[in-house]
């Protein structure tokens with residue numbers, strides 16, 4: 001029987017002139033992929049990948065049952081990293097963007113006093129006669145709250161666009177719980193490195209540390225799926241040039257978040273299936289332990 005050029009059944013996936021073409025996901029024709037369902041052999045993208053004992057399956061094959069006698073919950077569609085496939089794969093990203101926008105509106109309405117109380121600062125006086133305030137005085141919450149503050153309209157616009165473009169596809173590939181763990185772990189790693197290295201009176205705020213973490217995890221995921229790395233490497237280089245080339249940018253948060261994202265992202269996508277959850281969340285715990293160590297060390301130095 002003849003086969004149409006480039007069809008899923010064509011092992012060479014060749015075009016009409018014999019040129020090799022990259023297959024596209026059968027559910028998302030705009031996404032190229034090198035992964036196929038191990039049962040039906042249809043091409044599937046990260047959003048459609050469901051982990052199986054060997055390779056990955058598409059959602060339809062999983063819903064059809066594996067014939068193993070497992071209960072329905074055991075064959076629930078899973079992401080590449082073991083997360084649950086949901087109807088809205090960008091829900092957490094939307095919620096994070098909403099929280100950032102809400103906090104920015106609070107900043108606009110309440111003024112500098114609100115920002116001063118929640119931005120990341122090591123050890124400073126906000127008024128001439130005021131007391132010392134900062135992480136060194138036990139205000140550890142600043143490591144977290146600073147991740148939701150922004151300096152101006154351009155700052156929040158750039159960060160929220162980046163979060164939507166990078167975070168949405170990554171959330172679909174990881175699943176909600178793992179995506180949240182990556183986001184907050186990376187953001188806290190960026191805050192901790194800023195606290196450790198930056199001047200104690202230097203304020204820092206923004207979601208950039210967490211977003212750079214998502215960036216690093218995306219690079220790890222793309223390498224795992226054997227995608228073309230040139231676009232993500234080029235975008236990373238541009239962002240690093242901006243980080244070190246512009247003034248008033250806390251580069252420590254960017255680098256800390258990026259390193260944290262690469263470490264956690266590697267654990268997420270390369271964890272062995274039999275102990276996947278332990279490796280994934282155990283790595284998050286190790287990064288958070290490093291955050292605590294950096295924070296304690298800097299606090300001891302400042303006090």
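The values are calculated or read from the model by the stated rules, or taken from the named source; none is laboratory data. Just so you know, these numbers come straight off a predicted model, no measurement behind them. Ideal geometry is used to build each Cβ from the backbone, glycine not excepted, and the neighbour counts take in all protein chains shown.
Computed values, structure above
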| read-out | value |
| --- | --- |
| Any hit, the stretch 230-253, residues being in a helix (DSSP H, G or I) and crowded, with 21+ Cβ neighbours inside 10 Å | yes |
| Filter result for the condition that a residue is at pLDDT 90 or above and on the phi < 0 side of the Ramachandran plot, over 232, 291, 238 | 291 |
| Pairs with Cβ under 7 Å, 6+ apart, first in the stretch 275-297 and free of Cβ contacts under 8 Å to residues at least 24 places away in the same chain, second surrounded by fewer than 18 Cβ atoms within 10 Å (Cβ to Cβ) and outside any helix (DSSP H, G or I) | 279/272 |
| Residue in the stretch 119-128 that is at pLDDT below 95 and assigned to a helix (DSSP H, G or I) present | no |
| Check on residue 54, modelled with pLDDT under 85 and either in a helix (DSSP H, G or I) or in the same structural domain as residue 166 (by TED's automatic domain parsing) (or both) | no |
| Any hit, the stretch 84-103, residues being over 17 Å from the mean Cα position of the chain (by Cα), at pLDDT 95 or above and surrounded by 15 or more Cβ atoms within 10 Å (Cβ to Cβ) | yes |
| Test: residue in the stretch 119-131 that is surrounded by 14 or more Cβ atoms within 10 Å (Cβ to Cβ), within 19 Å of residue 183 (Cα to Cα) and touching a residue at least 40 places away in the same chain (Cβ under 8 Å) | yes |
| Residue among 151, 128 that is more than 26 Å from the chain's Cα centre (by Cα) and more than 26 Å from residue 220 (Cα to Cα) | 128 |
| Qualifying residue in the stretch 149-168 (condition: surrounded by 19 or more Cβ atoms within 10 Å (Cβ to Cβ) and touching a strand residue (DSSP E or B) at 6+ places or on another chain (Cβ under 6 Å)) | no |
| Condition check for residue 283: touching a helix residue (DSSP H, G or I) at 6+ places or on another chain (Cβ under 6 Å), in a helix (DSSP H, G or I), modelled with pLDDT of 95 or more and over 30 Å from residue 107 (Cβ atoms) | yes |
| Counted residues, the stretch 200-224 - those being surrounded by 16 or more Cβ atoms within 10 Å (Cβ to Cβ) and either touching a strand residue (DSSP E or B) at 6+ places or on another chain (Cβ under 8 Å) or more than 22 Å from residue 291 (Cβ to Cβ) (or both) | 7 |
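Results for (1) assigned to a helix (DSSP H, G or I); (2) more than 28 Å from residue 31 (Cα to Cα); (3) at pLDDT 90 or above, shown as yes or no for each residue.
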{"residue": "140", "(1), (2), (3)": "no, yes, yes"}
{"residue": "145", "(1), (2), (3)": "yes, yes, yes"}
{"residue": "157", "(1), (2), (3)": "yes, no, yes"}
{"residue": "163", "(1), (2), (3)": "yes, no, yes"}
{"residue": "179", "(1), (2), (3)": "yes, no, yes"}
